Amino acid sequence: MTRQAAHPVAELFTARWSPRAFTGEAMPQADLDTLLEAARWAPSASNIQPWRFLYGHAGTGTFAGILAGLVPFNQGWANKASVLLVVTSKKSSAAPGATEAKPNPWHAFDAGAAWMSLAIQAHLMGYITHGMGGFDAAVLTTALELPDDAQVHAVIAIGKRGAKESLPEGLQARELPNDRLPLSAIATEGLWRF
Ligand SMILES: Cc1cc2nc3c(=O)[nH]c(=O)nc-3n(C[C@H](O)[C@H](O)[C@H](O)COP(=O)(O)O)c2cc1C
């Protein structure tokens, strides 16, 4: 399926998608740093930058610890990623110039923006990313020594695209870009009419 934009957008928005087949090859730290740099420049409420990323390269104990925190379905394909990256954010923070940490109502919104910046940068560099909500937060919290103030949002599999045939059989037919709701179903001028 080729994705068709209903209105003219930059090609990267429809060309980016989330395959599950990875090659498992090593990812240079410099490339990962570039992805994280893109995330670093995301906008955030009061420029608090509440996002915190924890990652492990394939073959390390950290990678194995993050993988163990995924649900079995995700473990079945994310085990071939080059990097597993955990997107977290700080639920409370002191705004610039303040000393007292207060709940930050926008921490999750801002972490989402940062992950998308990372995903776009990855796409532009020929990497694929696949976000996962299928994880056990308690396992990740223990494995990565997360404090109470940290919220885990997603685990991101990052790497180079592999052959569809390398996937478990049940997943091969799903290795296709999907579609989106029409604009009329997600945006309206004025009152909520969805
Ligand atoms: C927060 C989040 C959680 C997701 N959780 C999973 C998951 O646990 N397992 C999975 O295979 N895909 C997961 N996905 C991938 C989505 O299903 C996918 O992004 C969506 O269908 C849109 O497809 P696209 O990214 O290819 O455009 C997740 C994506 C996001 C952003």
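The values are calculated or read from the model by the stated rules, or taken from the named source; none is laboratory data. Source: prediction; values computed, not measured. Note that we place each Cβ from the backbone using ideal geometry, even for glycine, and neighbour counts take in every protein chain shown. The area values use the complete protein model at the heavy-atom level, side chains included, leaving out ligands, DNA and RNA. Shrake-Rupley method; radii C 1.70, N 1.55, O 1.52, S 1.80 Å.
Give the residues of the stretch 145-154 that are open to solvent by less than 40 Å² (accessible area, probe 1.4 Å) and out of contact with any Ser or Thr (no Cβ under 8 Å at 6 or more places or on another chain), sorted by residue number.
Scanning the stretch 145-154 gives a single hit, Ala154.
Name the pairs whose Cβ atoms lie under 7 Å apart, with the first residue in the stretch 58-69 and under 15 Å from Gly24 (Cα atoms), the second open to solvent by 40 Å² or more (accessible area, probe 1.4 Å) and not in a loop (DSSP other than H, G, I, E, B), and 6 or more positions between them or separate chains?
Between residues of the stretch 58-69 that are under 15 Å from Gly24 (Cα atoms) and residues that are open to solvent by 40 Å² or more (accessible area, probe 1.4 Å) and not in a loop (DSSP other than H, G, I, E, B), the close pairs are Phe63/His57; Leu67/Gln75.
Here is a yes/no grid of residues against (1) more than 16 Å from the ligand (Cβ to nearest atom); (2) at pLDDT 95 or above; (3) not small (Gly, Ala, Ser):
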site	(1), (2), (3)
Pro8	yes, yes, yes
Ser18	no, yes, no
Asp31	yes, yes, yes
Arg40	yes, yes, yes
Trp51	no, yes, yes
Tyr55	yes, yes, yes
Ala58	yes, yes, no
Phe63	yes, yes, yes
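Given (1) at pLDDT below 95; (2) within 13 Å of the ligand (Cβ to nearest atom), where does Ala94 come up short, assuming only one miss?
(2)
Just name the residue that is surrounded by the fewest Cβ atoms within 10 Å (Cβ to Cβ) out of those in the stretch 4-41 that are part of a loop (DSSP other than H, G, I, E, B) and among the polar types (S, T, N, Q).
Gln4
Of all residues in the stretch 165-194, which are part of a loop (DSSP other than H, G, I, E, B), open to solvent by 100 Å² or more (accessible area, probe 1.4 Å) and more than 16 Å from the ligand (Cβ to nearest atom)?
Glu189, Leu191, Trp192, Arg193, Phe194
Matching residues to (1) touching a residue at least 24 places away in the same chain (Cβ under 8 Å); (2) hydrophobic (A, V, I, L, M, F, W, C); (3) more than 16 Å from Leu36 (Cβ to Cβ); (4) away from the ligand (no atom under 14 Å from the Cβ):
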residue: Leu84; (1), (2), (3), (4): yes, yes, no, no
residue: Thr88; (1), (2), (3), (4): yes, no, no, no
residue: Phe109; (1), (2), (3), (4): yes, yes, yes, no
residue: Ala114; (1), (2), (3), (4): yes, yes, no, no
residue: Ile120; (1), (2), (3), (4): yes, yes, no, no
residue: His123; (1), (2), (3), (4): yes, no, no, no
residue: Thr129; (1), (2), (3), (4): yes, no, no, no
